[in-house]
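The structure appears below as structure tokens.
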Amino acid sequence: MVSLVVAAVFLLQGALFQPPQAAAFKVLPADGSLTHQQITEAAFLRKMAEVCRDVAAARGQEFTLPINNKLTVTAVQRACSNSYSSLLQISTFSLAISQTSISNAAVDRKQFSTAHHFDNEDFKNGRDLITKGIAAVKVSMKQGRYLSARSSLGAACHTLQDFYSHSNWVELGSTAPFSPLIRPELSLNNLAGPNTKTCKSCVGKDCSDNILQEVLQQKILTSGYFRLLLSTKPAGKCSHGGLFDMTSYEDPTGGINKDDISSSHGFLHQRAAEIAINATIDLLEDIRLATGNVTFLRLMGLSQTSVLAFVFDTTGSMSNYIAEAKTVTFSIIDSRRGTSEEPSEYILVPFNDQGFGPLMKTEKADTFKERINSLSASDGSNPGMCLSGLLLTLTQAPPSSDIFVFTDASVNDTELKNAVEAMIQITKSTVTFLLTNSISSRSQQNVSLSRLLSQSDIQLYRDLSHISGGQTIEVTNSTLSQATAVITDVIAAGLVTVLYIERSPAIAEIFSFVLDPSLSNVTVYVTGDSPVFTLYSPTGVSQSGSVANGPLGDILTVGNLKRLKILSDNQKGEWKISISSTSSYTLKVIGQSSVDVLVYFVEIIEGGHGDSWAQSFTRPFIGRNATLFVSVTGGDSVTVTDVLLVEASGSDVVNGTIKAVGATDFLVNVDRIPEGAFVVQLKGLLNNSSSISRFQRQSPTQYKGSRITITAQSQNIAQPGVPFGLNFTVTSNTTGGNYTIRARTDLGFSVSFPRYLILVTGGSAQGSVTLTAPSDTESGTVFTLTIEAEAPGSTDLNYAIGGLTEYTYDQRAGYIWRNTGVSSPQGGNFQPQGWQGGLPRERHTLERGLQWKYTCGGRPGGEPCTWRHLAYTKAAGGITLALTSTVLEELRASRRNSPEENIARIRSEE
């Protein structure tokens, strides 16, 4: 089991062997047992209902939704919308639950970690994982990085929930959660000692009475031991139990886990799951109290968290267009201000032929407009560093951002094309290029850009926009303002993709797509130099693309793009569109709906208690089988009939085998990954109380496979200001030669790495990445490290992504001393220098989980303190205490610690 964020993780494609693990609550449903996902979703729904109930009460409004086990996403969204007097987003709420559940499930990759599952009585380290995870959630929320927050949240919830399945907390008669797991200032009392016997052998398969009576009577807390390969455990200790737990075959036999109703203590499964739900609610409440309702709503996905990003070319040739571009962007910003669709953040990145950046990020619309207004054209007229500016935006903007690039020229950094493609696929952001005339043809306002830029220049922009599901729109100064409608369409809330097709070379074809009742504001885009099309409604009514105002909708022409806004009447059913063209073109159908599809490639981990899975952060291997996780958000009940991998610009289609893992969640197996770029297309049925309707959705982002694999060692927490090294291996079964290596973090930390690795055909090579976070990086900051390997001639590329968390630790951080007075070797009690009011005055921070740093007193010559000999002096008395490797008690440092608990923390030299 591995945390996606709390540890450095590289999820590898095609692992040769996945040993079974001690799963807690199941990740996949079976036997009517509650899964981790169901527990997490139930807690989310109850907590959100409670928050909205309280908001309604404070505003004097009614809240009539019963808060019970029968809550649905739709019901909570509607009730919360009433409380906040505005429509909150159901699709993003479902997305937040899915993203949290994905990181929750991924913890099962940490197969040998006792702490992640509270196995082997590892309570202190398990609690530490939870509290660090909570701290990381709060820091990420403070930084506005909600995807990172959800990843940390899911991992912390998994470990928290495991406690109630693996320990004897339920058997002790407890009905409420164990508060010290999320409140580190509370002691973990009455833990079983290393020599305390806790269990007796089960009677055959009957383990209902295998915990010793003295353990139950004395309320001693224990958990089961689990080992895959060895059967040894301390004498008299309980086992986890199950087929793959070797310790359960040794005296005392059997186990105590409550993973599902068929487990050793499965008769207590429902009680354990209910307490786990309440414990997860308590964790969410702790986060809400620390961050406030508005920020908490964004974490839950019930408040707008979209980002609007502009990448501006400021070379001299853009001088006439910058003013018009400012007018367009101001119009868009002002039209969304004060509405439910107002972006939560704005990003601006300028570039020219000399450089790019800096990136500007703000939540304030007026500040953003001021920064855009300050843009001016430079003196240069050479190709600009467009891809560098776009790559910076992609790495700094949150996933699923809308990015608009204004430029009029080719790029001078084409070597970054594959890296930009990879980041688009990683972040699932949508990129739209608006290409304007160059200075040399400023007077020829109606001349096609194909005569001003080479076809290869334009194709580069088209390739990148196609990968993202965006558009490449050729405009002039006089038509640039018309692009406002297109940009407004793209940034609308609840936008979904029904169909996206690209054709190059072009052939005459007829395409069909299904519109369901949940869709509104459906728009059809046909982009290209010469496409001719006709749209047909389900009732047989048609409209040619040459008719601006017809029976099916109004057509707006913006440069090489035609936009048809379908009239709202009678949209439901199967539509058709015929297209013929002499050059390449794209077809895109979008609309607003609460029903969307979330797609991730995952890796299955086969275990003795049922399969688990984790998101794969690398491209799948071409020609091999793969598994996708598909979640239909915004619907309480759906039936998925088809999941297809459809070649983006060809005819290859791979049909998947579908397995339901929840009411709206599915695992899909495909027998091969296509050679070229592909999209994921989903078809099915929407079920509601009154009708059943066909629906169709498609991933807006294109995917690619690879024949390169990148594997990297797992690492633990990184420390600010301390170089962090990580080894990796690149393997390819195709071309040999010099493979280009790139590495970067999403927060722009300093990274060093080899520029090339030499591989022989079918061989591998090793490299190392060293990164250093600034010394002032806030503890609990989550960031990702991406390593890319590109084949010679840019014929192939793959990447691996790992999540890390920065915590401030000194060399021996990890423990604290208890009691204000500490006994010196001479036996005297004293207060450390600088101690006041229970907290040290010297260098310190009040963030939970940080190391408290003290100024040394009494050291000869003012030498710096080290953990091997850290000295304090008693005021003016000069009494010195030397700290060696003795550890008095393992407790976390926290701002919640009582004044009786010293905040000094050290880790044993051993």
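Only the coordinates and a few stated rules stand behind these numbers; no lab work does. Remember, it's a predicted structure, so these values are computed and weren't measured experimentally. Because the Cβ atoms are built from the backbone with ideal geometry, glycine has one as well, and the counts that use them run over all protein chains shown.
Structure values in brief
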quantity	calculated
Cross-link reach list, lysines versus LYS361, counting only Cα pairs under 23 Å and skipping chain neighbours closer than eight places	LYS138, LYS142, LYS326, LYS369, LYS428
Nitroxide proxy distance, nm - points 7 Å out along Cα→Cβ at ALA660 and THR414	5.2 nm
Added length on full extension, which subtracts the Cα-Cα distance from 0.36 nm per residue, PHE112 to ARG694	205.0 nm
Region 82-232 pair-distance distribution - Cα-Cα, 5 Å bins, rounded %	2, 9, 14, 18, 17, 14, 10, 7, 5, 3, 2, 1, 0
Residue order, fewest to most beta carbons within 10 Å, for PHE244, PHE310	PHE244, PHE310
Set of aspartates and glutamates near LYS70 by C-alpha distance (under 17 Å), chain-local residues within fewer than 8 positions excluded	GLU41, GLU50, GLU274, ASP636
Computed magnitude of the charge dipole of region 595-698 (debye, nearest 20; Cβ of K, R +1, Cβ of D, E -1)	160 debye
Theoretical gain in end-to-end length, THR64 to LYS565 [0.36 nm per residue, Cα-Cα removed]	176.5 nm
When the convex hull of its Cα atoms is projected in every direction, mean area for region 595-698 (nm²)	7.2 nm²
Reach of LYS197 by Cα under 15 Å, taken over aspartates and glutamates that are not fewer than 8 positions away in the same chain	GLU121, ASP209, GLU214, GLU250, ASP251
Distance in nm between pseudo-label sites at LEU243 and LYS576 (7 Å out along the Cβ direction from Cα)	5.2 nm
Global form of region 495-593, assessed from the alpha-carbon gyration tensor, a/c cut-off 1.5	prolate
Taking GLU171, GLU788 and counting other C-beta atoms within 10 Å, the order from fewest to most	GLU171, GLU788
Highest-first arrangement of 790-798, 703-711, where packing means the average Cβ count within 10 Å	703-711, 790-798
Ordering of 157-169, 519-531 by burial proxy (mean other Cβ atoms within 10 Å per residue, highest first)	157-169, 519-531
Dipole moment magnitude, nearest 20 debye, region 495-593 about Cα centre, only Lys, Arg, Asp, Glu C-beta charged	80 debye
Length added when fully stretched, ILE507-ASN521, from 0.36 nm per residue minus Cα-Cα	2.2 nm
